[in-house]
Amino acid sequence: MLPKKITPESKVHLVHTSSPVEKSDISTFEAALKKIKERYLNTRLFDVQRSYLDLRYLSASESERLHKFRQAIKEANWLLPVYGGTGCEDIIRHLTDSDLIKIRKNRPIVNGFSDTTFLINYLYFELKLQTFHYSNVCGLRENDNNQLFFDVVEGRTNSFSFKEQNYSWHGPAGAPQEKIEGIAIGGNISTFRDLLDMYNIKLRTWDDYILFAEDIDMDIEDLHRVIIALDERGVFRHIKALVIGRFSKAEMEKDFRKFNRIFGKENDNTDKPDRVFEYLLSDVLAYRKKAGNPLYILAVDNFGHDVEKNTMLVPIGGKTTIYPDKKIEFTGPFVD
């Protein structure tokens with residue numbers, strides 16, 4: 001199900017799904033909001049009321065955020081999360097069939113990043129509504145390629161691609177001989193795992209999908225648990241390909257040094273932080289290679305947190321092609 005394209009008259013509804021805007025980002029948020037209002041006159045911020053009981057890492061209570069979210073979806077043409085952080089699952093778990101009917105009827109543009117990975121994948125799995133993994137409000141105008149996003153949601157382009165110099169193939173399969181075609185899902189991998197667990201999402205098959213994965217401030221042991229949780233669901237035994245974005249490289253390098261020191265491997269340089277997936281999925285990779293259905297792993301540097309340029313826009317539920325030369329292409333239509 002495609003969302004409706006955005007026009008200057010569209011109703012753009014901003015919602016607090018997760019954490020409040022950090023103090024360091026307030027000016028960025030205000031500037032972004034001003035630009036959006038200039039472009040779309042029917043822009044409205046569904047602000048939340050804080051109380052002395054509210055935890056500082058949440059923008060407001062669960063009930064307050066849910067109440068505002070329900071107000072926002074009634075007539076939204078674009079449902080735009082304000083910030084990431086923590087807490088999106090609080091409100092999504094309370095959505096009813098009536099709420100989903102409103103979203104299905106309006107078919108809004110919905111984009112999200114980080115914690116709102118929960119929202120964009122949830123709407124795809126529940127409604128088959130194509131959504132977009134891209135910045136929340138605060139980063140929307142900061143990205144150097146934000147015009148691409150507006151071209152997509154305003155219906156001016158039906159195809160776009162990414163290919164950077166630092167992309168690399170990982171794992172025993174190496175580079176594919178032919179192009180890989182699938183459907184894009186994913187985002188923040190720990191949030192994605194939480195979504196599957198909370199809703200016990202069981203797809204008929206994972207065979208059609210290309211999983212995009214990134215995270216921030218995650219150490220190796222936490223990543224290990226997430227990978228195994230997804231593997232237990234059969235994700236890695238069936239997906240077409242895995243695209244690994246940015247992870248906390250400094251944190252993982254620190255972990256490797258710590259583990260080498262604790263377990264007496266100070267001089268062992270064979271462990272590499274950017275090969276954690278390959279190591280933890282070694283049995284799956286060997287199984288799939290032997291079965292003639294290898295899992296191809298492409299590492300990229302412009303998907304995830306702290307991307308400095310050419311931030312990857314990923315249509316969740318969109319047709320995706322990965323070429324042997326490491327180019328990732330997304331093909332529409334993306335909007336109606």
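The values are calculated or read from the model by the stated rules, or taken from the named source; none is laboratory data. Keep in mind the model is a prediction, meaning the values are calculated, not measured. Please note: Cβ atoms are built from the backbone with ideal geometry, for glycine as well, and neighbour counts cover all protein chains shown. The accessibility values were calculated without ligands, DNA or RNA, using every heavy atom of the protein model including side chains. Shrake-Rupley method; radii C 1.70, N 1.55, O 1.52, S 1.80 Å.
Numbers at a glance
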read-out: Residue match in the stretch 19-37 (condition: open to solvent by 70 Å² or more (accessible area, probe 1.4 Å) and either assigned to a strand (DSSP E or B) or touching an Asp or Glu at 6+ places or on another chain (Cβ under 9 Å) (or both)); value: no
read-out: Some residue of the stretch 146-165 being assigned to a strand (DSSP E or B), open to solvent by less than 20 Å² (accessible area, probe 1.4 Å) and β-branched (Val, Ile, Thr); value: no
read-out: Filter result for residue 7 (of a type in the set (Ser, Thr, Tyr), in contact (Cβ under 8 Å) with a residue 40 or more places away in the chain and open to solvent by less than 70 Å² (accessible area, probe 1.4 Å)); value: yes
read-out: Residue check, residue 67 surrounded by fewer than 18 Cβ atoms within 10 Å (Cβ to Cβ), under 20 Å from residue 96 (Cα atoms) and not hydroxyl-bearing (Ser, Thr, Tyr); value: yes
read-out: Residue in the stretch 153-167 that is in contact with a Lys or Arg (Cβ under 7 Å, 6 or more places away or on another chain) and under 20 Å from residue 189 (Cα atoms) present; value: yes
read-out: Out of 41, 2, sole residue that is touching a residue at least 40 places away in the same chain (Cβ under 8 Å), surrounded by fewer than 19 Cβ atoms within 10 Å (Cβ to Cβ) and of a type in the set (A, V, I, L, M, F, W, C); value: 2
read-out: Given (1) in contact with a Ser or Thr (Cβ under 8 Å, 6 or more places away or on another chain); (2) without any contact (Cβ under 8 Å) to a residue 24 or more places away in the chain, index of the condition residue 226 fails; value: (2)
